[in-house]
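Undergrad: Below you will find the structure I want to go over with you.
Every number here is computed from the coordinates shown, using simple stated rules; none is lab data. None of these values were measured; they are calculated from a predicted model. Neighbour counts run over all protein chains shown; Cβ positions are idealised from the backbone, glycine included.
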Amino acid sequence: ADKYPHLQRNQEFKKLTDDDLAYFKSILAPSALTQDEGDLEAFNNDWLQKYRGQSKLVLKPSTTEQVSQILKYCNDNKLAVVPQGGNTGLVGGAVPVFDEIIISTANMSSIRSFDNVSGALVCDAGCILEVLDNYVAERGYIMPLDLGAKGSCHIGGNVATNAGGLRLLRYGSLHGTVLGLEVVLPDGTILDNLSTLRKDNTGYDLKQLFIGSEGSLGIITGVSILAPKRSKAVNVALLGVSSFEQVQNAFKRSRDELSEILSAFEFWDKASIDLVKQHLVAGANDPLESEHPFYILIETSGSNKDHDDEKLNNYLEGLLTDDVVQDGVVAQDTTQFNNLWSIREGIPEACSKTGAVYKYDLSMPVPVLYDMVQDMRTRLSDSGVLGEGKPVKCVVGFGHIGDGNLHLNIMAEKYTDEVTGLIEPFVYEWIAKQSGSVSAEHGLGLMKTGALHYSKSPSMMKLMRRVKDMIDPRGIMNPYKFLP
Ligand code: FAD
């Protein structure tokens, strides 16, 4: 309770008893219950080590039927629960706030079917994203999403957070690529909507409600998702750029000149790559000869290597000739390809090794995207907290330019009310003025529940509350989070 002085445990929720444990033991294998304090640590703490719950029980069902029995029992007995996938979420959504029971999808990891003609993959919610990507790769396909946490995050967690990531520019969001879901509602009802159809206009598209619902409405147990064909020819280039304006010029030109083969356009600032170098992130070596204020990573994917190489080379030559970029390198082999991606994917890891990370993932018009980073630096400097020997060590900006998504990371010695008070609500007010979103892809969780109104109108929030109350009338699903 000390961890969250502004929150109080809802005393209407029942506390776990021996009778409850006896029930769970009657439906699950002994290894599917975790009660040992040491083992509970990993489930009670989040990836950032920022949020910490006090759950006394983790349940790891292995079938949808077991999830249904668990939720029905919890609903009948008013026991609060938190669904948990890979626990890589960055907004405190997957760990309990007080003593909620954690329901983990770790034991639900079977692939149910794969259609080699359409690319429709149907699998359990606990499948790890990277495992799925390897599975479809062997069949000539690719998962439509990719993120730095792919080795740990579950597809159910990805859907529950509507994860964006590195391939969104090319394949669109999960709202388009998810074909169907199997979801267990709080009262135990199994909602079977595991369609593999691309087109289905028979009534409300209810699966959309659960994409990005962050465990507030039910537990996703199965996912049907469309995997695109894996491109035969993939190139990646790293560019050094002198200003954010030129980053935008390079992006505009990439859409004109690379168009259909453009598959990723990422950027980061010098402060980001300095951290990657400082923490020697494995496999991430900067191949450029000199340092630059900004960096761009461009990926192309297509079906004809000669055609793609020519297009990319013409594009890069044009950028160098017109002084849009100062330097650049194209990966010549798989090792270099992985090396360039490791720099980008290593930034969150390098940030977390630097100290406590205040993370903001913000959506806004691209022209103002880097102003946010500079305004934050100015604000923290003027307040006397940013710099050597001060509470805040550095502020970095990176992200998915192609999606208008900035990751603003502020590294501090530790999480304090003083630093939080300087960042918030400033960052949210700033973003609201730009009609942006306080969460581009990480979701609301516990962190941004109170910031929802900066991005959603009162009428929208009211309707969201009505949906929540209709599907989860007893409020047992992931309480204290998501909706104020
Ligand atoms: P968890 O963290 O376990 O859960 C996240 C939320 O979903 C919680 O609210 C939880 O209650 C709920 N939930 C989980 N499983 C279910 C289920 N089966 N049914 C219902 N609710 C469920 N995110 C991006 O969008 N883009 C990125 O590029 C990106 N990069 C990242 C890089 C790193 C290094 C890290 C650590 C995280 C990154 N993330 C990114 C954030 C995170 O990985 C994603 O949000 C991911 O989708 C979470 O999946 P998970 O299985 O770990 O979910």
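Undergrad: How high is the FRET efficiency between residue 274 and residue 466 when r is their beta carbon distance and R₀ equals 45 Å, given to the nearest 0.05? Spell out each step's value before the answer.
TA: On the way: r = 48 Å, r/R0 = 1.06.
Using R0 = 45 Å, I get an efficiency of 0.40.
Undergrad: Right, something else. Given the -39500 (n - 2.57) contribution per DSSP H run of 4+ residues, what per-residue ellipticity at 222 nm results for the chain, rounded to the nearest 500 deg cm²/dmol?
TA: Values: 16 runs with 164 residues, N = 484.
Per the formula, -10000 deg cm²/dmol.
Undergrad: Can you give me the distance in nm between label points at residue 175 and residue 138, each placed 7 Å from the Cα along the Cα-to-Cβ direction?
TA: Spacing of the two 7 Å Cα→Cβ label points: 3.5 nm.
Undergrad: Of 170, 465, 344, how do they rank once you tally other Cβ atoms within 10 Å and put the fewest first?
TA: Numbers: 170 21, 465 12, 344 26.
Going from least to most buried by this count: 465, 170, 344.
Undergrad: Here's a follow-up. For residue 205 and residue 290, calculate 0.36 nm times their separation in residues minus their Cα-Cα distance, and state this gained length in nm to one decimal.
TA: Working: separation 85, 0.36 × 85 = 30.60 nm, distance 5.15 nm.
Computed gain between residue 205 and residue 290 is 25.5 nm.
Undergrad: Pick out the long, greasy-scoring helices in the chain: whole DSSP H runs spanning 27 Å or more along their own axis by Cα, mean Kyte-Doolittle at least -1.0. Before the final figure, lay out each step's value.
TA: Details: long enough: 334-354 (29 Å, -0.60).
Qualifying helices, which must be both long enough and hydrophobic enough, are 334-354.
Undergrad: Mind listing the long-range amide H neighbours of residue 221? Cut-off is under 5 Å, sequence gap 5 or more, other chains count too, H placed in the peptide plane at 1.01 Å from N.
TA: 182, 183, 184
Undergrad: Then there's this: Given R₀ = 25 Å, what would the calculated FRET efficiency be for residue 33 paired with residue 65, taking r from the Cβ atoms and rounding to 0.05? If you can, show how the numbers build up before the last one.
TA: Details: r = 17 Å, r/R0 = 0.68.
Plugging the Cβ-Cβ distance into 1/(1 + (r/R0)^6) gives 0.90.
Undergrad: Where does region 220-337 land on the Kirkwood hydrodynamic radius, alpha-carbon pairs, in angstrom?
TA: Working: mean 1/r = 0.0649 Å⁻¹.
Averaging 1/r across every pair of different Cα atoms and inverting gives 15.4 Å.
Undergrad: Also, I was wondering about something else. List the pair-distance distribution P(r) of region 355-442, using every Cα-Cα distance, as the percent of pairs falling in each 10 Å bin from 0 up to the bin containing the longest distance, rounded to whole percents.
TA: 18, 54, 26, 3
Undergrad: Ranked highest first by the average count of other Cβ atoms within 10 Å around their residues, in what order do 5-16, 393-404, 91-102 fall?
TA: Details: 5-16: 12.3, 393-404: 22.2, 91-102: 24.3.
In descending order of packing, they fall as 91-102, 393-404, 5-16.
Undergrad: On to the next question. Mind giving me the FRET efficiency for residue 187 and residue 435? R0 is 25 Å, r the Cβ-Cβ distance, nearest 0.05 is fine. Provide the component values of the computation, followed by the final result.
TA: Working: r = 38 Å, r/R0 = 1.53.
My answer for the efficiency is 0.05.
Undergrad: Would you kindly state how much longer the chain becomes between residue 414 and residue 73 on full extension, computed as 0.36 nm times their sequence separation minus their alpha carbon distance, in nm to one decimal? Numbers along the way, then the final one.
TA: On the way: separation 341, 0.36 × 341 = 122.76 nm, distance 4.00 nm.
Length gained, residue 414 through residue 73: 118.8 nm.
Undergrad: I would also like to ask the following. Across all directions of projection, what mean area in square nanometres is found for the Cα convex hull of region 111-226?
TA: Details: hull surface 27.7 nm².
The orientation-averaged projected area of the Cα hull of region 111-226 comes to 6.9 nm².
Undergrad: What percent do you get for the relative contact order of the chain when only Cα pairs under 8 Å and 6+ apart count?
TA: 15
Undergrad: For residue 243 and residue 19, compute 0.36 nm times the residue count separating them, minus their Cα-Cα distance, and round to one decimal in nm. Kindly include the intermediate steps, with their values, before the conclusion.
TA: Values: separation 224, 0.36 × 224 = 80.64 nm, distance 6.36 nm.
Between residue 243 and residue 19, full extension yields an extra 74.3 nm.
Undergrad: I'd like the Karplus ³J(HN,Hα) series for region 285-299: coefficients 6.51, -1.76, 1.60, θ = phi - 60°, whole numbers in Hz, and an x wherever there's a Gly or Pro.
TA: Going residue by residue, I get 10, 6, x, 6, 6, 10, 8, 9, x, 9, 10, 10, 10, 10, 10 Hz, with x marking Gly and Pro.
Undergrad: Under 8 Å for C-alpha pairs, at least 6 residues apart: give me the relative contact order for region 88-199, rounded to a whole percent.
TA: On the way: 133 pairs, mean separation 19.7, N = 112.
Relative contact order of region 88-199: 18 percent.
Undergrad: Work out from phi, with θ = phi - 60° and the Karplus expression 6.51 cos²θ - 1.76 cosθ + 1.60, the ³J(HN,Hα) of each residue of region 149-154, listed in order in whole Hz, and give x for Gly and Pro.
TA: Values per residue, Gly and Pro as x: 8, 4, x, 10, 6, 9 Hz.
Undergrad: Assign one of three labels to region 183-240, namely rounded, prolate or oblate, based on the Cα gyration tensor with a ≥ b ≥ c the square roots of its eigenvalues; rounded applies when a/c is under 1.5, prolate when it is not and a/b is larger than b/c, and oblate otherwise. Walk me through the numbers before you get to the answer.
TA: Working: a/c = 3.03, a/b = 1.95, b/c = 1.55.
Note, shape of region 183-240 comes out prolate.
Undergrad: According to the Cα gyration tensor, what semi-axes, each the square root of 5 times an eigenvalue, does the equivalent ellipsoid of the chain have, listed from largest to smallest in whole Å?
TA: Ellipsoid semi-axes (Å, largest first): 38, 28, 20.
Undergrad: Here's a follow-up. Apply the Karplus curve 6.51 cos²θ - 1.76 cosθ + 1.60, θ = phi - 60°, to the phi angles in region 411-419 and return the couplings in whole Hz, x for Gly and Pro.
TA: For region 411-419, the Karplus-derived couplings read 9, 10, 4, 7, 6, 10, 5, 4, 5 Hz, x marking Gly and Pro.
Undergrad: Might you report the magnitude of the Cβ-based charge dipole of the chain about its Cα centre, with Lys and Arg at +1 and Asp and Glu at -1, to the nearest 20 debye?
TA: Working: 46 positive and 62 negative charges, 270 e Å.
The calculated dipole for the chain is roughly 1300 debye.
Undergrad: What's the whole-number percent of alpha carbon pairs in region 288-429 lying beyond 22 angstrom?
TA: Numbers: 5079 of 10011 pairs.
Counting pairs separated by more than 22 Å, the tail of P(r) holds 51 percent.
Undergrad: I need to check one value: relative contact order of region 175-233, counting alpha carbon pairs closer than 8 Å and at least 6 residues apart, in percent. Present the calculation step by step, with values, prior to reporting the outcome.
TA: Values: 77 pairs, mean separation 28.1, N = 59.
Relative contact order for region 175-233 comes out at 48 percent.
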